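Have a look at the structure below before the remarks.
The values are calculated or read from the model by the stated rules, or taken from the named source; none is laboratory data. Keep in mind the model is a prediction, meaning the values are calculated, not measured. Cβ coordinates were reconstructed from backbone atoms using ideal geometry, including for glycine residues, and neighbour counts include every protein chain displayed. Side chains are part of the model used for accessible areas, which takes the heavy atoms of the whole protein and leaves out ligands, DNA and RNA. Shrake-Rupley method; radii C 1.70, N 1.55, O 1.52, S 1.80 Å.
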Amino acid sequence: MEIVHTIKDLQAGLSALRAQGKKVGLVPTMGALHAGHASLVKRCVAENDAAVVSVFVNPTQFNDKNDLVKYPRTPEADCRLLEACGAAFVFAPSVEEMYPEPDTRRFSYAPLDTVMEGAFRPGHFNGVCQIVSKLFDAVKPDCAYFGEKDFQQLAIIREMVRQMKYPLEIVGCPIVREEDGLALSSRNARLSAEERKNALKISQTLFESRTFAASHTVAETQKFVEDTIAAAPGLRLEYFELVDGNTLQKIADWEETSYAVGCITVFCGEVRLIDNIKYKEPAAL
């Protein structure tokens, strides 16, 4: 495994592979890697000749600078995990390498980026699109892998690829959970033992709501989740929305869509956690 810090060195390494007609996959990450990331990397390794994993805490997607400062950074552990997964390249650039000058580009994919995270974290998705487009331009991957835990982000990146005509495939990968159901997140490392216990109520509520939804309306399911989280110790709901999985717009009736997803964001202490669950999913083609 090669660790590179500049786009020039990365492209030099990749050009030799491309000359041999090799297929290159990309997994963009912000480091503090866990088993969820490992599942993305292993799939990338399995489906490509070479896997590139970027490890970069992107400052432009943090609307809360405090959150940027507190974001966990574990570069040595990250590299150990990536080597074990079979990554060919770790791309770990500096902020100056990725942003030699301010990126003033504005990305707008309304209505996908104006709801949920877009409403509560203004500028977040613009920063995501800035860095992901830079990574696509640097790596020129054949495939790029993203987790479905960031469900809205995945939808927006798919739309960016479509509109900007990037010649690559976006592969969405299922949420990876702890044995007790908590969605894996780099932010989980910031939870105290008590908060970690409280956080479990988020996924438990989503699983219970899927059973509840089978015999109740969208509005009743919404209220069930909101009330359950409100009654849980140590949790504060930011939003829970039942949306069409393609448009991310709210639904009022289960019959409106064949792809119904519940997206949730909850503060557990000071740590902001996201999760989602599918209530209806279109049959695979």
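One table, with the values for the structure above:
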| item | result |
| --- | --- |
| Distant alpha-carbon pairs in the range 91-139 (separation over 16 angstrom), percent | 45 percent |
| Neighbourhood charge, 15 Å Cβ-Cβ cut-off, centred on V55 and excluding it, Lys, Arg +1 and Asp, Glu -1 | -3 |
| Acute angle (nearest 10 degrees) that the helix 151-164 long axis makes with the longest principal axis of the chain, alpha-carbon atoms | 50 degrees |
| Extent along principal axes [Cα atoms of the range 73-212; Å; largest to smallest] | 43, 39, 27 |
| Shape parameters for the chain, alpha-carbon atoms, Rg then Dmax in Å | 19.2, 59 |
| GluC sites (Glu not before Pro) lying in DSSP loop within the range 140-189, provided at most 13 other Cβ fall within 10 Å | E179 |
| Three principal axis lengths of the range 207-285 [C-alpha, angstrom, descending] | 41, 24, 18 |
| Ratio Rg/Rh, restricted to the range 57-114 and using Cα atoms, in which Rh is the Kirkwood radius | 1.06 |
| Crossing angle, helix 124-139 versus the chain [Cα axis fit, 0-90 degrees, rounded to tens] | 30 degrees |
| Rounded percent of accessible protein surface that carbon and sulfur make up, the chain, 1.4 Å probe | 53 percent |
| Loop-located trypsin sites (Lys or Arg not before Pro) in the range 12-120 whose Cβ has at most 14 other Cβ within 10 Å (DSSP) | K22, K23, R73, R105, R106 |
| Accessible surface, per residue, of the chain when the full set of protein chains is kept, probe 1.4 Å, Å² | 47 Å² |
| Point-charge dipole on Cβ atoms (K/R +1, D/E -1) for the chain, about Cα centre, debye to 20 | 440 debye |
| Computed Rg/Rh of the range 1-94, alpha carbon atoms with Kirkwood Rh | 1.00 |
| Anisotropy class of the range 128-285 from Cα gyration tensor, a/c 1.5 cut | oblate |
| Rg/Rh for the range 195-248, where both radii come from Cα atoms and Rh is the Kirkwood radius | 0.99 |
| Reachable aspartates and glutamates from K140, criterion Cα separation under 18 angstrom, eight or more residues apart if same chain | E2, D9, E47, D49, E97, E159, E169 |
| Extension gain (nm, one decimal) between E76 and E194, 0.36 nm per residue minus Cα-Cα | 39.7 nm |
| Number of Lys pairs (Cα under 23 Å; 8 or more positions apart or on different chains) in the range 1-102 | 4 |
| Degrees, to the nearest 10: 75-85 long Cα axis against longest axis of the chain | 90 degrees |
| Among T104, T29, T211, residue whose mean-square fluctuation peaks in a GNM of the chain (springs only between Cα atoms under 10 Å) | T104 |
| The range 1-40 and the range 193-250: distance between their alpha carbon centers, rounded to Å | 36 Å |
| Whole-Hz couplings from phi, Karplus 6.51/-1.76/1.60, listed for the range 48-54; x for Gly and Pro | 9, 7, 9, 10, 9, 10, 8 |
